[in-house]
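Data first, discussion second: the structure below is written as structure tokens.
Bear in mind these aren't lab numbers, they're just calculated from the coordinates by the rules spelled out. The structure presented is a predicted model; accordingly, all values stated were derived computationally and were not measured. Neighbour counts are summed over all protein chains in view; Cβ atoms, including those assigned to glycine, are modelled from backbone coordinates with ideal geometry.
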Amino acid sequence: MIPKIMHDPLFFDLFLQDMSISVTEMFRDPSVFDVIRKKIFTSLKTYSKVNIWHAGCSTGEEVYSMAIMLKEEGLLKRARIYATDFNNQSLAFAEKGIYAANKIKLYTKNYLAAGGKASFSDYYHARYESAIMDDSLRQHITFANHNLIKDQVFAEMHLIICRNVLIYFDQTLQNRVLKLFFDALIHRGFLVLGDKESIDFSAEKESFEVYTDKERIFRRKVHL
Ligand SMILES: C[S@@+](CC[C@H](N)C(=O)[O-])C[C@H]1O[C@@H](n2cnc3c(N)ncnc32)[C@H](O)[C@@H]1O
């Protein structure tokens, strides 16, 4: 008998939902966003077009946070954000950009701690118990299914954010994904990992230099 998971796409999605821990929040670890805004954006401003990839974007909170910062720094119009995950249910949720109103207090606190320059309420419309993210942010985001374990590079990136995803992979898979990021990044492009993630034991360690240790931000070196 062919297992149900092999032929039923809905069942497969439900299985992935169980398998993939999708916990996330807006401006999670505010100091990371603060460094991206104050240091990395200074470098991105020298390009006429900027590609940013959120790999393992889950339900999109991190992606809208990035779009808000780009808007405040005058970079959104020249930016394209690719938001990918292998979980279609999370992606559908992310694309809608509708979040529970009871999370807004925490997100506003994170936004301000991350150097937010306006009022967080400028970026969503409140409706009943929900906050709907503003369309001007969504227009610059492309949501797509991408499996880091088996799919390829699809565009040249200036900045890749892949936080709290590698912790679920063994060293072989981490090596594969870090090589994928190396291939996707432009020379001197930036890579942001999660606070429990490291390249120290990876075969790709020499491909990157540490940019800021505390925030787990790295920069692609020249081809070896
Ligand atoms: C804990 S969430 C991280 C969300 C967000 N990056 C953050 O740090 O707030 C991990 C995400 O990685 C995704 N993921 C796990 N394995 C993946 C794979 N092989 N390819 C793409 N996404 C994957 C999961 O579906 C989940 O949405």
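Using a Förster radius of 30 Å, what is the FRET efficiency between Tyr47 and Lys105 based on their Cβ-Cβ separation? Nearest 0.05, please. Intermediate results must be reported in sequence, preceding the final value.
Values: r = 36 Å, r/R0 = 1.19.
E between Tyr47 and Lys105, to the nearest 0.05, is 0.25.
How about Lys179: which lysines have a C-alpha closer than 23 Å to its C-alpha, ignoring those fewer than 8 places off in the same chain?
Lys150, Lys196, Lys205, Lys214, Lys221
How long is the gain from Glu156 to Thr142 if the chain were fully straight, where each residue apart is worth 0.36 nm and the alpha carbon distance is subtracted?
Working: separation 14, 0.36 × 14 = 5.04 nm, distance 1.44 nm.
Here the segment from Glu156 to Thr142 would lengthen by 3.6 nm.
Per the Cauchy relation, a quarter of the hull surface: what is the mean projected area of the convex hull of the alpha carbons in the chain, in nm²? Provide the component values of the computation, followed by the final result.
Values: hull surface 52.1 nm².
Projected area, direction-averaged: 13.0 nm².
For Leu159, what residues show an amide H to amide H distance below 5 Å, using hydrogens built from the backbone and excluding near sequence neighbours?
Asn51, Trp53, Phe190
Using a cut-off of 23 Å between alpha-carbon atoms, which lysines can reach Lys103, once sequence neighbours fewer than 8 places away in the same chain are excluded?
Straight-line reach from Lys103, under 23 Å: Lys71, Lys117.
Tell me, which longest segment in the chain has none of the trypsin sites (Lys or Arg not before Pro) that fall in DSSP loops with at most 14 further Cβ atoms within 10 Å? Let's see the in-between values first.
Working: sites that count: Lys45, Lys49, Lys117, Lys150, Lys196, Lys214, Lys221.
So the longest stretch without any such site is 50-116.
Could you work out how much longer the chain between Phe201 and Ser31 gets when fully extended? Use 0.36 nm per residue separation minus the Cα distance between them, nm to one decimal.
Values: separation 170, 0.36 × 170 = 61.20 nm, distance 2.48 nm.
Working it through step by step, the gained length comes to 58.7 nm.
For a quick check, take a GNM of the chain with Cα springs below 10 Å and name the residue from Ala184, Ala114, Ala203 with the largest mean-square fluctuation.
Result: Ala203 has the largest fluctuation of those listed.
List, in order, the whole-Hz ³J(HN,Hα) value for each residue of the stretch 163-170 obtained from phi through the Karplus relation with A = 6.51, B = -1.76, C = 1.60 and θ = phi - 60°; use x for Gly and Pro.
10, 6, 10, 4, 4, 8, 9, 6
With unit charges on the beta carbons (Lys and Arg positive, Asp and Glu negative) and the dipole taken about the Cα centre of the chain, which residue among Val153, Ala92, Ile68 sits farthest to the positive side?
Going by the charge dipole, the pick is Ile68.
Quickly estimate the mean residue ellipticity at 222 nm for the chain, helices only: each DSSP H run with n ≥ 4 gives -39500 (n - 2.57), and the total goes over all residues, rounded to 500.
The helix contribution divided over the chain gives -9000 deg cm²/dmol.
Using DSSP loop states and a limit of at most 16 other Cβ atoms within 10 Å to flag chymotrypsin sites (Phe, Trp or Tyr not before Pro), what is the longest stretch of the chain containing no flagged site? Walk me through the intermediate numbers first.
On the way: sites that count: Tyr47, Tyr128, Phe154, Phe169, Phe201.
The longest uninterrupted stretch comes out as 48-127.
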